[in-house]
Amino acid sequence: MPKKILIIDDEKAIRWSLGEAFKNEGYEIEDAENGKKGIKLFKKDPADLVLLDLKLPDTDGISVLKKLKAEEESVPVIMMTAYGEVETAVEALKGGAYDFLLKPFQLEKIKVAVKNALETSRMREELKDIKQKDRDTYNFKNFIGKSAVMQEIFKKLKKIGHSKATTILITGESGTGKELVARAIHESGESGTRPFLEINCAALPETLLESELFGHERGAFTDARYRKKGLFELAEGGTIFLDEIGEMGITLQSRLLRVIENKTFRRVGGVKDLKVNTRIVAATNRDLKRAIKEGTFRNDLYYRLQVIPIALPTLKERKEDIKPIANHFISIFNKEFKKKVKPIGREVRSIFEDYSWPGNVRELKNMIERSILLEADEELLPEHLPPELKMEGEHGEIAAEPDSLDTLFPISLKEVEKIMICRTLKETNGNKSKAARILGISRQTLREKTKLYQLES
Ligand SMILES: Nc1ncnc2c1ncn2[C@@H]1O[C@H](COP(=O)(O)OP(=O)(O)OP(=O)(O)O)[C@@H](O)[C@H]1O
Ligand SMILES: [Mg+2]
């Protein structure tokens, strides 16, 4: 559909020449010789863009602008002004005009201005859509939890979201929903329209992480050819999510602590103090108290972060949630794969509830995704489930019975491998180096295998 432009100007010659020019470009044109008629036309069927003269016979352009904006906030309005009216033009910009052009004008300039304005408004609409989608995924609607613990956590999240609380620490095993919590906090407060920026502290070496967080001045180090803003600046008014904070180096921990205490920071190589106006949400699946004892995590930083702690229980510890979460994922993947699998029945439910879910909600999600994509059509049945689920149900929890592998017979080598990796990780409290040593494989291999068997991310 062609975009419609409304031209409001009392000079017939201008209406005509602009009208002709834009018709040639493929736009649909409406015009009005005064404000009243212009507003009437706009109310009847809003144009995509308005070219508005600042001086009109019946009323001034600014009040027409206000009425148009009251009708349709997002419509781009380009003001046309004669020389000497620049003051008023500035006022027009403040009143929400997209741009203004000085008369007499060059047609080319107007065309460019119109194109830019339409492009900008299209982009804004798209962004609005994306934000809306973001919200849909992360509001409490999609964060499922019937259990008393989760209900408590939801209550807490609502309160935190609307408070000024600036540092929050989320702990929980892998796949328990730490990131979901961080986003829920962000979305439920005023910060929801501001950026949510996340960074994984385990993924970058310390110096890089530092400049990612705080930015750097030009020349701060060899590669710093430009000044760069850090996440603390970019997330202004929003949230920084520091994932795997337990992996942050001790020097950077001190720096972060100072930032939290003073509410200011400096870019790397900078001398100016910049204000911090960002919520810091940190997450870890490590036992920070132990890390403190081992000397790898700063006690004082822990207490700063810990002001508002949120501890996510494992899935095994909240069995009531398993059924609603499973059904939630079934409906999600039904949509995605265009299937009509029913909610889970009694048998599958009891298998699920007997299983230990070392990968927590993520494991449940992956399992349902795979079963719906590859196995189930109308209903998810026990035979659609991977063998390790049923084995635990029949033989008790594997980790509790170290010598019971033979009772699992018949079993494939792959299954044995998965079980052994899972057990070793449990035994070493998730310490991958240790587990790899015990299993006699490299950390890299272990990482690949845990991924393959969906024992974690
Ligand atoms: N209560 C829940 N309801 C619905 N979906 C959930 C719930 N908890 C977790 N999920 C989903 O499970 C997956 C894993 O959650 P998330 O990424 O938040 O875990 P995590 O704790 O950050 O894990 P890791 O420590 O491995 O990074 C995500 O797809 C998330 O949307
Ligand atoms: Mg995570």
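The values are calculated or read from the model by the stated rules, or taken from the named source; none is laboratory data. All values reported here derive from a predicted model rather than from experimental measurement. Neighbour counts run over all protein chains shown; Cβ positions are idealised from the backbone, glycine included. Surface areas here come from the heavy atoms of the whole protein model, side chains and all, with no ligands, DNA or RNA. Shrake-Rupley method; radii C 1.70, N 1.55, O 1.52, S 1.80 Å.
Find the residue count for the stretch 237-258, including only residues that are free of Cβ contacts under 8 Å to residues at least 12 places away in the same chain and either touching a Pro at 6+ places or on another chain (Cβ under 7 Å) or buried (at least 17 other Cβ atoms within 10 Å of the Cβ) (or both).
Here the count works out to 0.
Among (1) touching a Lys or Arg at 6+ places or on another chain (Cβ under 9 Å); (2) modelled with pLDDT of 90 or more; (3) over 30 Å from Ile372 (Cβ atoms); (4) of a type outside the set (Val, Ile, Thr), where does Gly295 come up short?
(1)
Return the pairs, sorted by first residue and then second, in which the second residue is assigned to a strand (DSSP E or B) and within 16 Å of ligand 2 (Cβ to nearest atom), the first residue lies in the stretch 261-288 and is outside the structural domain of Thr176 (by TED's automatic domain parsing) and farther than 17 Å from Pro195 by Cβ, the beta carbons are less than 7 Å apart, and the residues are 6+ apart or on different chains.
Between residues of the stretch 261-288 that are outside the structural domain of Thr176 (by TED's automatic domain parsing) and farther than 17 Å from Pro195 by Cβ and residues that are assigned to a strand (DSSP E or B) and within 16 Å of ligand 2 (Cβ to nearest atom), there is no close pair.
Just a yes or no: is a residue in the stretch 207-215 within 16 Å of ligand 1 (Cβ to nearest atom) and either open to solvent by 10 Å² or more (accessible area, probe 1.4 Å) or at pLDDT 90 or above (or both)?
For the stretch 207-215, residues within 16 Å of ligand 1 (Cβ to nearest atom) and either open to solvent by 10 Å² or more (accessible area, probe 1.4 Å) or at pLDDT 90 or above (or both): absent.
What number of residues within the stretch 51-104 satisfy the criterion of being basic (Lys, Arg), under 24 Å from Phe22 (Cα atoms) and open to solvent by 40 Å² or more (accessible area, probe 1.4 Å)?
Count: 1.
Being within 17 Å of Ile153 (Cα to Cα) and more than 24 Å from the chain's Cα centre (by Cα) is the filter here; which residues of the stretch 322-347 pass it?
Answer for the stretch 322-347, where residues must be within 17 Å of Ile153 (Cα to Cα) and more than 24 Å from the chain's Cα centre (by Cα): just Ile322.
So in the stretch 428-450, with the set limited to residues that are within 19 Å of Ser356 (Cβ to Cβ) and free of Cβ contacts under 8 Å to residues at least 12 places away in the same chain, which one is surrounded by the fewest Cβ atoms within 10 Å (Cβ to Cβ)?
Among them, the one singled out is Asn431.
What number goes with the only condition from (1) surrounded by fewer than 15 Cβ atoms within 10 Å (Cβ to Cβ); (2) within 16 Å of ligand 2 (Cβ to nearest atom); (3) among the aliphatic types (A, V, I, L, M) that Val181 does not pass?
Single failed check for Val181: (1).
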